[in-house]
Structures are given as C-alpha cells and as structure tokens.
Amino acid sequence: MSISQEFYPSQEDLPYEEELLRNPSSPKLWWRYLVARTNSPRAKRFTIYERALKALPGSYKLWHAFLRERLELVRPLPVTHREYQKLNNTFERALVTMHKMPRIWIMYLLTLTEQKLVTRTRRAFDRALCSLPVTQHDRVWEPYLVFVGQKGVPIETSLRVYRRYLKHDPSHVEDFIEFLVNSGLWQEAAERFAGVLNDDRFCSIKGKNKRRLWLELCDLLVQHADGVSGLNVDAIIRGGIRKSTDEVGRLWIALASYYIRRNLTEKARDVFEEGMTTVVTVRDFSEIFDAYSQFEEIMLLQKMEGEGEGNGEEDEDNDDDKDDRLDVAKIGRKLKRFWLSDDKEVELRMAQIEYLSDRRPELANSVLLRQNPHNVEQWRRRVKLFEGNPTKQILTYAEAVRTVDPMKAVGRLHTLWVAFAKLYEDHKDVVNARVIFDKAVQVNYKTVDNLASVWCEWAEMELRHKNFKGALELMRRATAEPSTKVKWRVAADGDEPVQIKLHKSLGLWAFYVDLEESLGTLESTRAVYERILDLRIATPQILMNYAMLLEEHKYFEDAFKVYERGVKIFKYPHVKDIWVTYLSKFVKRFGKSKLERARELFEHAVEVTPAESVKPLYLQYAKLEEDYGLAKRAMKVYDQSTKAVPPHEKLSMYEIYIARAAEIFGVSRTREIYKQAIESGLPDKDVKTMCMKYVELEKSLGEIDRARRVFIYASQFADPRSDPDIWNKWSKFEVNHGNEDTFREMQRIKRSVSASYSQTHFILPEYLMQKDKQPNLDEAMDALKKAGVPEDEMAALEKQLLPDASNTATKDSNRKVVGFVSTGVESQTEGGLKVAANHEDIELPEESDSEDDERVEIAQKDVPSAVFGGLVRKREGGDGNGDDSAATEDTDNGGHLGALERIKRQRRGAMV
C-alpha cells in the first residue's frame, strides 16, 4: 500500500523531526511541531497527532486538541457521514486512557446525542457514570437528562434514568414530576407530589412553598380524575382547605369539579352547598356561588338537549317493527325515560336554579356572620331578609340573642332585644313580648344607657296598650337602688353588672319623671325630682323643669329654692341659663317689693359669672334698676358692666350705656361717658368708632371746637394711607365748619401722623409689617442686607430717628401731637392730663398767618440735617434778627421746642 507523498515530512519539517527522533517523549516538541503546521492540510496534521499520541498516549492536551479538530471537521457534515464514525472511533480510543477525564466524556456524549444514536448514547452515559468518580457525576447527569427528555427516547428508558438520577440527587424530584406531567403519567406524578408534601424536610429548589405544591397537586387530581387512583382525593383537597385560608373558594370548586368529572353530580352539589356554608369571606363565597350557578345551568342545558334526543329516539322506536320492542337496549332507554327522565325534571332543574338565586342574600349574610357572629347590624339585616315569614324571623332573633356576646357585640345589642319584643307586639302577642323584655333587662350590656333604653321601651309598650299603672311600676322597679346585700355579693364576685348602676341612669330618671308628671300626682313627681337631686345626676334642664312644675302649681318659694340649689350645684357655663331664668322669674314675681333681695341676687350672680357671660346679667340688672330702682344706680350698673365685660364687648356695652344715659339724663351727660370710653383701653378700632360718635354728638350740639379737638385726638390712631375714613370725615368737617387756617392745621397734623407711621414701617419688609408686635429695626436691616438691599443714607437716618424699644412709654406719649381736651373735664398738654379751671372755655392754640408754614417740617425729635437740607440752614439763620440768645439758652438746656412755640418765635423774628 503506497502512502501519499503529502504525508512525508518536507524539508521544513526536518528540524522538528530531528528533535523528535532525539526525544520522542517530549510533549513540548510535539506541540511546537503542531503549532508550526497550523496551516497544513488536516490529513497531515491528523498524522502528526496520531504519531504524537502513539508516543504519548496519556497526554490530555494532545487528545483534547485532536478531538476538537475532529469535531470542527464533522460539524458542517450530516450525522450520517462516515466522518462521524471516525470521530466516534477516535473518542473510543481516547477514552482508553482518558476515561477519568470528564471533559472528554462530555464532548463524546454531546456528539452522540446530536447523532440520535439512542442505545449507543445511553450506554455511553452509563459508562461515563461508571468511570467517573461520584463527585463529577453532576456534570454527566445534566446532559443525560436532556438526552432522555428528547422525543424518540422510550418513556420507560426515561423513567428508569430519572429514577436513577433521583437516587443520586433526590432534591430534583420537581423536575421528575414535571417530566411525568408532560409525559401524561398522572398516577406516578400524583404519587410523587404526595410524597413531596408528606416529607417535612423537603425544600424546593424552584422556590415553591408547600401551599403552591398543594395547589398544583389539587389541580392535577381534578383535571385528571380518571387517570389517578389509589389516592384519597377528597381528603387531600379538604386538607388543603384547612391549611390554605386564602384559596378556600378555589379548592372547594376543585373538589366539586373532581366529582363532576367522576360523574357524581349529586356529590358535587353537596360539596358546593358545604362550601357556601363554611367559607368566611365574601370573595370565596362569590367564587363558589358563581361556579355552582354555572354548573346548574350546564346541567339544565344538557338535560334539555338530552330530552330532545330522547324524543327523536322515541319517534324512531315507534317506527320500528313490533319485534324490535324486545331489544334490550331499547327497553333500557325506555325504562330510563320512565324512571329518571320524566317531563317534570327540566322544571325541577329550573326551580333549583331559582331557589339558589333566591338564597343568595341569606347565604351572603351567613358569610358575614361567620366572620363576626357578634355583629348586631348583620343580624338585623338577616331578619329583614325573612320579612313576611314570622316564624323564620323569630328563629333568627332567638339565634341572634343566643349567639351574640354582650361584651363582644359590635353595635347596639339592646336594639336586637327591643326589635324581638316588638315583633311579638306587632302580632298581638303582648304576653310573649313581656317575656322577651323581662329576659332583655337581665342581660349584662356594655353600658348602663343600653339597659335603660330597654326599660324605657318596655314602659312605652305598656303605655301603647293603656297599661299606665304597669308602666309606672316598671319605672319604680327599674330605678330602685339595689340592696346592700346585693352590692356586697357583686363586690365579692369582682364583676359588676350594669344592673347595679342602673339606678343612676339619667335617661331612665328623665323618662320616669315625665311619666310621673303625666300620670302621677304632684307629690310623687316631687319625690322623683328630689330623688334625682339627691343622687346628684340632675342636669340644668331637669332642675329648671322641676322649678317650672312648682311654679305651675303656685309653689313659688319652693321653685326659687330649687333655683338656689341649682346655682350652688352647677358651675359655668351650665349655670348660665339657671341664673337668667331665676333672676327673670324673681323680678317678674316680686318686682319692687323685694328689691334689696333682687339686688343681692344680681350682685352675687355678676360676681361669680365669668366675663364672657356677664353681659346679659348686667343688662338685666340695669333694667331692674331702671324699672324699680334709681336711675343713678342703673348708671352705676352700666358703668360696672363696661369694666367687667371682655374687650370685644366693651364698645357695644358703652353704646348701650350712652343711649340709656342720653334718654334718662340728656345728651350733655353723655360727654363724660364718651371720655371714659375713649380712655378705657378700647382697641384702636373701637376707639376710632367711639370718637366718630363723639364728633357727631358735638356737631349736633353745635360745639364745633370740641368736635375738632376730638378729631385731633382720633387722628393719632388712623394711618392716612391705610385708614383714610377718619381723615375724609375730618376734611368734610373742615370744609363745612372750618376756615383756611383750620384746614391747614389738619393737613399739618395729617403729615405729622403719616411721618410717625412712616418711621415705623418705611423700610420694613411686608412680612415684618404684618406682625402683631413692633419689629426690631436692627433685625429688619439685617434681613435687608441678606436679601441684597444696600444700606443707604435714608436707612441710616431712619435708624437714628426710631426710638429705643425700651423707651415705650416715651414713644407713646410723644405720639400725641396735640393734646385731647375733654368737654370741660380734662385737658391734655405736653406734660399729661390736668383738670381745667374753666369747664366751658376751650383754650385754642394761637394760629400763624404766615404762608411759610407749609414749608416748615414739624418733627417730634431732633432730625439730622441731611433730612431737611437747606431748610434747616434757613431756620437757623433766618433774617439775622432772631433772638440768638434765647435759642442758645434753649439749646444749652437741652430742651425741645414744640411746633407752636417754634411758629411763634418765627413770627416774632419776622416782625422785628
């Protein structure tokens, strides 16, 4: 056999060949030889590989490289090509020495899997598992399972492989179950599922919990009910129902579906009914009810279709010969139609569907009651469902009062008992209604009011049936105080029922006293009222009712004693109505006969009454003095009231005071009250209002100068920019009653007041101006600097002009530009208030006729020269004829000239 020339070593191969001849067992030399011949034909490279492996049969590197080149060679070829057989032979030769190398085995096994050689591949996998150590079996099992999962591999082979694999790694049982389900082996899949669920140590590698595995098992059993046997499906699903609380409805439907697939329709109905009567959530109930309704509709549809087919068969039977009647099958069909499929069965099915629909509200209510059997409102709704069926309603009420625990009840339990008794009453069975009420009053409710309501309802029932004596007896029985022996026994038990505290129920006593007023005598009614007062549970309204009852029966002194007890028992604000009613009744009853006693009552009332509630009492007190006493005392009461009421009511009180004084003593006597009101500390807003009223008074009396003085005083409280109302009125006043000088003086005061307000708010931000208190200018300047506003010269001047915060008293006194001179009582100067010698004459300041007054800036404090510029130099120099010595003397003494004094000196300088 001749060898091709290309396999012989060429001239370039001689260096490598010579080295290999000297050292044929060196893997480095062979590898350099192969690297150098990378671009040589594959046949020549394979020859070199064969020579190298013959010399070094245990070289993993050479075998692995040789097999990879073989694989690259056959990859584009079909699996039937003869090169695959050569490749397989090469793998077999390699495994003689490389049988412990898992990579070689994996390459070989994957190649066989691609060739679809089932038997040879299976045997190769088995050989690999036998050859490799156990620690490396995981690398073989992964492609092995992929191989047995392919189509064409016999199911029995796959099952045996999976079972062997589970012996190696039992944690992958879920993969085996998935394989069984995909293969249609329902029986073994269900058994494996059951084994997994019964193993407490099982941990899913796919992150599934026991609940999810249980649901998958239930779905498997239900969907393949005919393919699974040997398992108690009913017990398995019911176990899941007990454990899985959030999938109860689905599991009940699954159990019913299992019986439906097994053609056990009646058993399926029982399961649906059981499910609807045991679930505790509305969602689960809705799921079961919808499934149940759908099942019944399908059964009805099938029955109707079956009847149609049966009629056709009957027609065919009639057409057959007489001998055909002996056919066993036909006889069976006729018997079936006769026994089971009569004409009424369709109607029966339809009636069942209607009955199921009618039961839905009741079943849904049962679900809510299973959630909380102590829900009173749900029990009442359940009773309404049976409206028109008294028997069912009575049974429902009986079950409700037997089930609901009074301490756990949600809602008002006593309404359930009352409705139960009213049901008997509506059906003319008063005897049984009394029995129900008698049991109801023995229940230990949460609160005393619930028990009291039951007693009141019982008494009202007796009143409706004209049993007045019985109603009164019930109230006496209900309000009776327990004996000492009973209290001791209850205290020893430690659980005090509400019946022990019933005799202190205000609602019960109120109902009882109403009954006594309507049905009893005056003595019995008074006894009840006195008992209420002794128990200290009376309210102001009950006390006033008691007093009014005595007044109706002409027991006036007793009624006033009741009022006296009331004002001693109660405090404000509850005693307010008692005082007002008591004083009104007393004055109406006695009038002038007991005036001193009435005064003592009023004095005591206004003494104990807080300022917020004292105004009505003072008005009532003043009315008493006006009607039966002295006008002077009435004015004194009004004067006291203006000091006692809170600030926001002072204005209204002064208005009443002024109106009454004007009516009794004349308008001229109101000047003192106006002065007192203005100086009494009213809020600025009310001061302005009072000043305007004072102005109107003086105008009506023709006192123009007094009115102007009031305007001057009120102007200090009104900023011309934000409150122009007073200035507009003053302007109109001067237009109507003044002259050019008085109008100019008004303008000067307006500028002065505006400047005084500007000193406070000129450079301040808006958010600081809105504060209730005067802001600190330094803080405002710091805020402006942070905001990027430069501190200009005007800001510095304003900082000098603004008075210190500590000198508040000085600032307030300096704000008064012109002193207020009251109507002959007091006059205000720069030093304060002093009593005027002449009560009628008003000293007016000497006005200047100079036209330069408008150019003179009137300031309250020394202002830097930078503010006025050349004006200050003109004021200092004048015409050169001023009294320099006087000015020097004033300057040396540190005195500050007023505006009027400065004007007078300028006039004298001009005349000289």
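The values are calculated or read from the model by the stated rules, or taken from the named source; none is laboratory data. A quick note: this is a predicted structure, and the numbers were derived from the prediction, not measured. Here the Cβ positions follow ideal geometry from the backbone for every residue, glycine too, while neighbour counts run over all protein chains shown. Quick note on the areas: whole protein, heavy atoms, side chains included, nothing else; ligands and nucleic acids left out. Shrake-Rupley method; radii C 1.70, N 1.55, O 1.52, S 1.80 Å.
Here's the yes/no breakdown for (1) within 45 Å of the chain's Cα centre (by Cα); (2) within 28 Å of Met544 (Cβ to Cβ); (3) modelled with pLDDT of 80 or more:
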{"site": "Phe586", "(1), (2), (3)": "no, yes, yes"}
{"site": "Glu600", "(1), (2), (3)": "no, yes, yes"}
{"site": "Pro616", "(1), (2), (3)": "yes, yes, yes"}
{"site": "Tyr654", "(1), (2), (3)": "no, no, yes"}
{"site": "Ala659", "(1), (2), (3)": "no, no, yes"}
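Of the helices (runs of 4 or more DSSP H) lying entirely inside the stretch 606-722, the ones with 2 or more residues being closer than 30 Å to Tyr582 by Cβ and open to solvent by less than 20 Å² (accessible area, probe 1.4 Å) are found at 615-628, 631-644, 647-665. Selection of the stretch 50-67 for residues being within 17 Å of Glu19 (Cβ to Cβ), in a helix (DSSP H, G or I) and open to solvent by less than 40 Å² (accessible area, probe 1.4 Å) yields Ala52, Leu62.
Checking Val74, Val118, Val140 one by one, the residue that is surrounded by 12 or more Cβ atoms within 10 Å (Cβ to Cβ), of a type in the set (Val, Ile, Thr) and farther than 28 Å from Pro170 by Cα is Val74 and no other. For the stretch 432-451, name all the residues that are open to solvent by 30 Å² or more (accessible area, probe 1.4 Å), part of a loop (DSSP other than H, G, I, E, B) and closer than 11 Å to His414 by Cβ. Matches in the stretch 432-451: Lys446, Thr447. Would you say Thr265 is open to solvent by 80 Å² or more (accessible area, probe 1.4 Å), farther than 30 Å from Val134 by Cα and not hydrophobic (A, V, I, L, M, F, W, C)? In short, no.
When Glu557 is tested against the conditions (1) over 45 Å from the mean Cα position of the chain (by Cα); (2) open to solvent by 80 Å² or more (accessible area, probe 1.4 Å), the lone failure is (2). Among residues of the stretch 364-403 being under 15 Å from His414 (Cα atoms) and among the β-branched types (Val, Ile, Thr), the one that is most open to solvent (accessible area, probe 1.4 Å) is Thr403. Of all residues in the stretch 721-760, those satisfying the criterion of being touching a residue at least 24 places away in the same chain (Cβ under 8 Å) and of a type in the set (Val, Ile, Thr) are Ile726, Thr742, Ile749, Val753, Thr760. In the stretch 189-206, the residues that are within 17 Å of Lys167 (Cα to Cα) and free of Cβ contacts under 8 Å to residues at least 40 places away in the same chain form Cβ pairs under 8 Å with partners that are in a helix (DSSP H, G or I) and small (Gly, Ala, Ser), at six or more places apart or across chains, as follows: Cys203/Ser171; Ile205/Ser171. Taken over the stretch 225-260, the criterion of being part of a loop (DSSP other than H, G, I, E, B) and crowded, with 17+ Cβ neighbours inside 10 Å is satisfied by Val228, Ser244, Glu247. Taking residues in the stretch 571-588 that are closer than 16 Å to Lys561 by Cα, and partners anywhere that are outside any helix (DSSP H, G or I) and open to solvent by less than 50 Å² (accessible area, probe 1.4 Å), the pairs with Cβ atoms closer than 8 Å and at least 6 places apart or on different chains are Ile578/Phe570; Trp579/Thr609.
For the stretch 289-300, state whether one or more residues are closer than 29 Å to Glu362 by Cα, open to solvent by 40 Å² or more (accessible area, probe 1.4 Å), under 40 Å from the mean Cα position of the chain (by Cα) and of a type in the set (Ser, Thr, Tyr). No, that holds for no residue. Any residue in the stretch 101-121 that is in a helix (DSSP H, G or I), closer than 26 Å to Thr47 by Cβ and of a type in the set (Ser, Thr, Tyr)? The answer is yes, given that some residue of the stretch 101-121 is in a helix (DSSP H, G or I), closer than 26 Å to Thr47 by Cβ and of a type in the set (Ser, Thr, Tyr). Report whether or not Val367 is closer than 28 Å to Tyr292 by Cα and in contact with a Phe, Trp or Tyr (Cβ under 6 Å, 6 or more places away or on another chain). When the stated conditions are applied, Val367 passes them. All of Ile578, Ile542 fail the test of being under 30 Å from Ser613 (Cα atoms), crowded, with 20+ Cβ neighbours inside 10 Å and of a type in the set (A, V, I, L, M, F, W, C), apart from Ile578. If you go through the stretch 28-38 and keep only what is open to solvent by less than 70 Å² (accessible area, probe 1.4 Å), closer than 15 Å to Glu50 by Cα and assigned to a helix (DSSP H, G or I), you end up with Leu29, Trp30, Tyr33, Leu34.
Flag not set for Leu215, criterion: touching a residue at least 40 places away in the same chain (Cβ under 8 Å) and surrounded by fewer than 21 Cβ atoms within 10 Å (Cβ to Cβ).
Take Leu95 and decide whether it is more than 26 Å from Ser158 (Cα to Cα) and crowded, with 16+ Cβ neighbours inside 10 Å. In short, no.
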